[in-house]
Amino acid sequence: MPQLVMLIMDDPSKSDDVAAAWIEVGVTGASSIDTYGTGHLWPGETRDDLPLIPSLADLIQGRHEQNRLLFSLVRDDFDVERLVAATETILGPLNDPDTGIMFTLALGQVWGLHFLKDVK
């Protein structure tokens, strides 16, 4: 079953280096999106400028810390552990704070990708 590999990087300036490392270990294509986390909103982090019922725009407004989401589809036989190791050479150990979060999701069906066309 193909997998979706997702990496949320705390330091977006390293995204080009991580993408290059992914290509070196066999990822054939990846996409990235600038993201903003809401971790600053949890207990201990308060803002006094929010309305009583805030919208999502209200929550992320004024947020200066940006993250980057890098993601790719890979075949079920892809060596994801090697991909994690390549990622950690750039970001450092993902179990350390302020590096990133990486995970995979198994996909039931995928349309439109030729390298996955023989995967059921």
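Hey, among the residues in segment 64-75 that are out of contact with any Asp or Glu (no Cβ under 7 Å at 6 or more places or on another chain) and surrounded by 13 or more Cβ atoms within 10 Å (Cβ to Cβ), which one's modelled with the lowest pLDDT? Show your work before the answer.
First, the residues of segment 64-75 that are out of contact with any Asp or Glu (no Cβ under 7 Å at 6 or more places or on another chain): 64-65, 69-75.
Adding the requirement that they be surrounded by 13 or more Cβ atoms within 10 Å (Cβ to Cβ) leaves 69-75.
Values: 69: 96, 70: 97, 71: 97, 72: 96, 73: 94, 74: 93, 75: 90.
By that ranking, first place goes to 75.
Only a single criterion out of (1) surrounded by 12 or more Cβ atoms within 10 Å (Cβ to Cβ); (2) at pLDDT 95 or above is not satisfied by residue 81, namely (1). Residues that are charged (D, E, K, R) and at pLDDT 90 or above were ranked within segment 84-120; the one that is farthest from residue 17 (Cα to Cα) is 96. Note on segment 32-55: among residues that are closer than 30 Å to residue 79 by Cβ and surrounded by 14 or more Cβ atoms within 10 Å (Cβ to Cβ), the one that is modelled with the highest pLDDT is 32. Among the residues of segment 1-19, those that are charged (D, E, K, R) and in contact (Cβ under 8 Å) with a residue 12 or more places away in the chain comprise 10, 11, 14, 17. In the condition set (1) modelled with pLDDT of 95 or more; (2) assigned to a loop (DSSP other than H, G, I, E, B), residue 29 is compliant with all but (1).
The values are calculated or read from the model by the stated rules, or taken from the named source; none is laboratory data. Please read all numbers here as calculations on a predicted model, not as lab measurements. Methodologically, a virtual Cβ is constructed for each residue, glycine included, from the backbone with ideal geometry; neighbour enumeration extends over all protein chains shown.
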